[in-house]
Every structure is written in structure tokens, then in C-alpha cells.
Amino acid sequence: MAYSDKVLDHYENPRNVGTLDKDDPHVGTGMVGAPACGDVMKLQIKVSDDGVIEDAKFKTYGCGSAIASSSLVTEWLKGKTLDQASEIKNSAIAEELALPPVKIHCSVLAEDAIKSAIADLKSKQGK
Amino acid sequence: MTKDIARKPIYLDYSSTTPIDPRVAEKMIPFITEHFGNPASRSHSFGWTAEKAVEEAREEVAKLVNADPREIVWTSGATESNNLAIKGASHFYSTKGKHILTVATEHKAVIDAFRELEREGYTATYLEPEPNGLVDLEKFKKAIRPDTVLASVMFVNNEIGVIQDIEALGNICREQKVIFHVDAAQATGKVDIDLEKLPVDLMSFSAHKTYGPKGIGALYVRRKPRIRIEAQMHGGGHERGMRSGTLATHQIVAMGEAFRIARIEMQLENERIRKLRDKLLHGLQDMEEVYVNGDLKQRIPHNLNISFNYVEGESLIMAVKDIAVSSGSACTSASLEPSYVLRALGRSDELAHSSIRFSIGRFTTEADVDFTIQLLKEKIQKLRELSPLWDMYKDGIDISKVEWAAH
């Protein structure tokens, strides 16, 4: 299978791999996917009191496109407000990485991971 | 790492195909250019030369498996041999019954021939093997019915390399008067085959798994007691009417030479390959959460099929692109299905997806194995550091008990 240069770059040099303290009230954690489907993404965001994403970390079990999609969104998330973050669409991820049709679900999963992390943060902060 | 490395990956996929041995190529070439005659031409020396070469090759193929040369029928490869044997014998003996029996882990060329017969009105049983990949003899015996006409079991499994007890299975078939076909594509040059002793009626062979060319194979058809098959290819009545079509002299000569070399060298070669395989196994088993698929004892020395838990299959294949191996995950082809062979052993989808088949061969060196061990260790560690599942495992969470939102 031919991967785009951008997918290969993120796969070879993934950005922002790691874990944030999930018990920190400023940290939202999203975990989406299932092992049996071949993809599990964990995305964490750390948000300042004024609602700006200061840090983002990921870990992904999945194919090269899944790793690249989650690596890319951690780059995109930093510096964004939660509202801006929730506007990130899977189509933009797919376009940036030039994902082939069979790999579109990886970008969908990355979008779901963002939404899930934001929802986790909001429920923690009681908003 | 740059993409445009000119260096070829290390080849560890000998169960997919083998290079033609240079000695085989040398013997083959004159039959493309100089001795181009049609072996069926009886009226001139071009034909006679070709015919003599074909018959010598037939003797070599027969010798490797201790058969009579008259029991060897040339085909285009093991897929054709399997089709000819299964359909040919099932059709010929259909008055006995219309039940056929095989194993769920057979090659697609057997499974699909069975499916075709099912469409024609036959009933098929696909027996599940034990978790080690081997067929339970009692279960096999019980699966045979009064109307069973044919059973087909492969000698050596292509994915996991396990060796079935062909003698015992054959004896059960003899007792029950069932025609017994064996796909031996992965067995020649790797295990001893003695068809004078083995109770086997039909056996399929391939050249390109044993350092011969692609596009040539053979079917063994027992003479005593005589087994009859219906031809699938009709025409000039070549191969005693069982398989028409002008014989591919150069490929046949090459298959004969490849099988001759296999007969002479297989003992030493297998010892050497076993040492390499064991070294690879021990090197990889240093890591946590690795699982060998299939029985390790009743197995050809060439094969190591191993699953790396908590690492996704396709990213694993990307990570090991400096070696040429096969994956238990069919992600690279059209479907996204995990290996049906590993699933039949009861492996989870995750473990099936994260499996790699290493198959070692004649030209594998110790340096190749050392490189592979180091590469795998480095890449598996990297992918596990990326894997949320690995973290969960390390935290003592049982991943099978987590409720995942399926997507």
C-alpha cells in the first residue's frame, strides 16, 4: 500500500506521543475505537483556565494512517480554544494526509477522539 | 530513514515463493532456446530430445517422493493439481456419494475447489483443527460418513508450518474407503515423503516452493490401487488424458532439477535452517507477550509464525519494511480480514492481526537472522510505546474485559 509522504513522516516521527495525568481537572481524555477493529486512539488535552488547549498528547494502536491522524491532530489542537477544536473535521485531516478511501475511518476516529476528550473535560469541570 | 533506499529488503518469505536455484536456471535455459521441441512430436529429433528431458524430470519428481514416474502428471502448479484431484476424483466416484471432507486451515485452492463442488450439490465438512493447528484423528474419523467420497488434508500448512500426521489420516481413509488427497506444495524438500508407504491416493506438488520456476507443478495419481480422475482440461490427450496441453518442457526440466537437488540436499539444508529458525525464535522470545502460532514440534524448521501482542498488524508491517515477510493480517490486500488460519486456531482477531510469518530458506544467512531480531526488537518497542493497549496491559488492565465502543 502506498502511503503519502505526510503519513510516513508522522508514522516515522510521531509528534506529541505520551500521557497526561488523567486525574488533573485541566486534562480531558478521549479513548475511541476497539482492539478488534484494529484501531484504538487515546487523545488527551490540557486546557488553561481561559479555555485554550496548552498541550495535547496521544497514543494510538492502529495502522500507519491512524497513527498519523492522531499525531496530526495533536499538532493542530495546541493553541486552539475548545470551540475551535470541536470544529476540526475528519475531512480536513484526510485531506492534509492524503488518506486513501479505505483509510478515511482513521480520520473519523481522530475527530471522534477530539470530541471525546472535550466531552470528558467538560463533564469533569461540570460544564 | 529515507524512502528511496535502493537496498532490497531481506527475503524471509520462502513459503510464498522461492528464487530459482542458479543450478536449476542453468539446466532450464537450453530448453527455452536450443531444445525447443514439442515433447509430443514423435517424428523428429527435436521432439525426441524434449520428450527424453520431460521423462527424466518425471523420474526426478517421482524419486523425491518415492513414487513410480507413471504416477506423475504435469500441471501448471499446485492450485491446478488441487483442483484436478479434488474435482476430478469427486466427479469420477460420485456414485459412491457426495460428501467431501477437508480442514478449515487448508489453502484457498482446496477450500475454493470444495466450495465449487458444494455449488454442484456436494456436501462439504470443514473440520476445525486443534489450537496447535493439528487435526485430531478421532474427530477426523467421526467426520467421515458412509457417503464420503474424498478427503483432502495438506501435508504442511503454508501459514504456520505444522505437519499433519498424513500416515494416520490416510489409514483412516483406507479403512473407510475414502479417496485421500494431500496438498504437499509446502512439504517437498522439507519433510520425507515416501508414497510407497504412505496411504495417499493423490498428492499435489509445486515447483516454485522448492527453488523451481512458477507455473509448473504435478499431481501424483496412485496406480496400485488405481485411482481414476476426470480430466478438467480437455484437448490433445496429453498426460494419459488426465491433463491436456502442450508440456512446458523448460519448466518441467527445471522442476525435475529442483526436486533432484532437494532430494540430495534436504537433510543438511534442514539442519542448517533449523538452527537459523531456532536462533530467530530465541531472539524474538526475549520480548514480552509474544506467541508462537501452531505446534512447534510437529512443524517444518523453515517456518516461524509469531504474534506480537498489543501491536497492530499493519503498522507492524510498515515498521519491518526492511525485511520481506507475510502478515497474518490481510490489510494490504482488498479485505481487512485477519488470517482465517489463525482464527481457526482460536486466536483473537488482535493476535491474528499482529502476526508475522517468517519463512527461512536456502539463501538465508545468520546475518539476516541477526538483523531481523534487532529490527523487530527495536520496532516492537517503538510501537508498544505508542500503544494505549500496551499501557493498559502494563497497568494490569484486562483488555478483553474492557467495554469498547465498536465502530
*Could you list all residues from the range B:78-112 that are more than 24 Å from B:T17 (Cα to Cα) and among the small types (G, A, S)?*
B:G88, B:A89, B:S90, B:S94, B:G97
*Give the range B:387-398 a look and list any residue that's part of a helix (DSSP H, G or I), in contact (Cβ under 8 Å) with a residue 60 or more places away in the chain and at the interface with chain A (Cβ under 9 Å from one of its Cβ atoms), or say none.*
B:L389, B:W390
_Regarding the range B:255-271, can at least one residue be identified that is loosely packed, with under 15 Cβ neighbours inside 10 Å and not in a helix (DSSP H, G or I)?_
no
*Considering only residues that are acidic (D, E) and touching a Phe, Trp or Tyr at 6+ places or on another chain (Cβ under 7 Å), look in the range B:280-320 and name the one that is nearest to B:D349 (Cα to Cα).*
B:E312
*Can you work out which of the residues in the range A:1-17 that are touching a helix residue (DSSP H, G or I) at 6+ places or on another chain (Cβ under 7 Å) and outside any loop (DSSP other than H, G, I, E, B) is surrounded by the most Cβ atoms within 10 Å (Cβ to Cβ)?*
A:V7
_Looking at (1) away from every other protein chain (no Cβ under 12 Å); (2) free of Cβ contacts under 8 Å to residues at least 40 places away in the same chain; (3) of a type outside the set (V, I, T); (4) in contact with a strand residue (DSSP E or B) (Cβ under 8 Å, 6 or more places away or on another chain), which one does A:A56 not meet, given that it meets all the others?_
(2)
*Quick one: A:E75 ticks every box in (1) more than 14 Å from chain B (Cβ to nearest Cβ); (2) part of a helix (DSSP H, G or I); (3) without any contact (Cβ under 8 Å) to a residue 24 or more places away in the chain except a single one, so which number is it?*
(3)
*Working carefully through the options B:A218, B:A254, B:A231, B:A207, find the one that is modelled with pLDDT of 95 or more, over 24 Å from B:G88 (Cβ atoms) and of a type in the set (G, A, S).*
B:A254
*Working carefully through the options A:A94, A:A68, find the one that is crowded, with 21+ Cβ neighbours inside 10 Å, touching a residue at least 60 places away in the same chain (Cβ under 8 Å) and not in a strand (DSSP E or B).*
A:A68
*Flag for B:D201 being buried (at least 19 other Cβ atoms within 10 Å of the Cβ) and modelled with pLDDT of 95 or more*: yes
*Name the one entry in B:E55, B:E116 that is closer than 30 Å to B:I160 by Cα, in contact (Cβ under 8 Å) with a residue 12 or more places away in the chain, among the acidic types (D, E) and part of a helix (DSSP H, G or I).*
B:E116
_Considering residues of the range B:149-164 that are closer than 30 Å to B:I306 by Cα and of a type in the set (A, V, I, L, M) only, the residue surrounded by the fewest Cβ atoms within 10 Å (Cβ to Cβ)_ = B:I163
*Answer with yes or no whether A:A117 is among the aliphatic types (A, V, I, L, M) and away from chain B (no Cβ under 14 Å).*
no
_Of all residues making up the range B:234-244, the number that are without any contact (Cβ under 8 Å) to a residue 40 or more places away in the chain and either under 26 Å from B:I32 (Cβ atoms) or acidic (D, E) (or both)_ = 3
*Just name the residue that is nearest to the other protein chains (Cβ to nearest Cβ) out of those in the range A:78-91 that are within 20 Å of A:P14 (Cβ to Cβ) and part of a helix (DSSP H, G or I).*
A:N90
*Does the range B:352-386 hold any residues that are within 12 Å of chain A (Cβ to nearest Cβ), in contact (Cβ under 8 Å) with a residue 24 or more places away in the chain and either touching a Leu at 6+ places or on another chain (Cβ under 7 Å) or of a type in the set (D, E) (or both), and which are they?*
B:A352, B:S354, B:L383
*Hey, could you check the range A:18-37 for residues that are in contact with a helix residue (DSSP H, G or I) (Cβ under 6 Å, 6 or more places away or on another chain) and either within 12 Å of chain B (Cβ to nearest Cβ) or free of Cβ contacts under 8 Å to residues at least 40 places away in the same chain (or both) and say which is nearest to A:Q125 (Cα to Cα)?*
A:T29
*Sort out which residues of the range B:291-327 are away from chain A (no Cβ under 14 Å), in contact (Cβ under 8 Å) with a residue 40 or more places away in the chain, not hydroxyl-bearing (S, T, Y) and not in a loop (DSSP other than H, G, I, E, B), and write them in order of number.*
B:R299, B:N303, B:L304, B:N305, B:I306, B:I323, B:A324
_Quick test of your reading of the structure: B:I252 fulfils all but one of (1) surrounded by 24 or more Cβ atoms within 10 Å (Cβ to Cβ); (2) more than 30 Å from B:F363 (Cα to Cα). Name the failing condition by number._
(2)
*For the range B:333-351, how many residues are outside any loop (DSSP other than H, G, I, E, B) and either free of Cβ contacts under 8 Å to residues at least 40 places away in the same chain or within 13 Å of chain A (Cβ to nearest Cβ) (or both)?*
5
_the range A:38-53, residues that are more than 14 Å from every other protein chain (Cβ to nearest Cβ) and in a loop (DSSP other than H, G, I, E, B)_ = A:S48, A:D49, A:D50, A:G51
*For A:L99, indicate whether it is in contact (Cβ under 8 Å) with a residue 40 or more places away in the chain, within 13 Å of chain B (Cβ to nearest Cβ) and not in a helix (DSSP H, G or I).*
no
*Just one of the numbered conditions (1) touching a His at 6+ places or on another chain (Cβ under 8 Å); (2) surrounded by fewer than 23 Cβ atoms within 10 Å (Cβ to Cβ) is not true of B:E167; which one?*
(1)
*Go through the range A:84-127 and give me each residue that's within 22 Å of A:G51 (Cβ to Cβ) and acidic (D, E).*
A:E87, A:E111, A:D112, A:D120
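The values are calculated or read from the model by the stated rules, or taken from the named source; none is laboratory data. Model, not experiment: these values are computed from the prediction. All Cβ positions, even for glycine, are placed from backbone atoms using ideal geometry, and neighbour counts span all protein chains on display.
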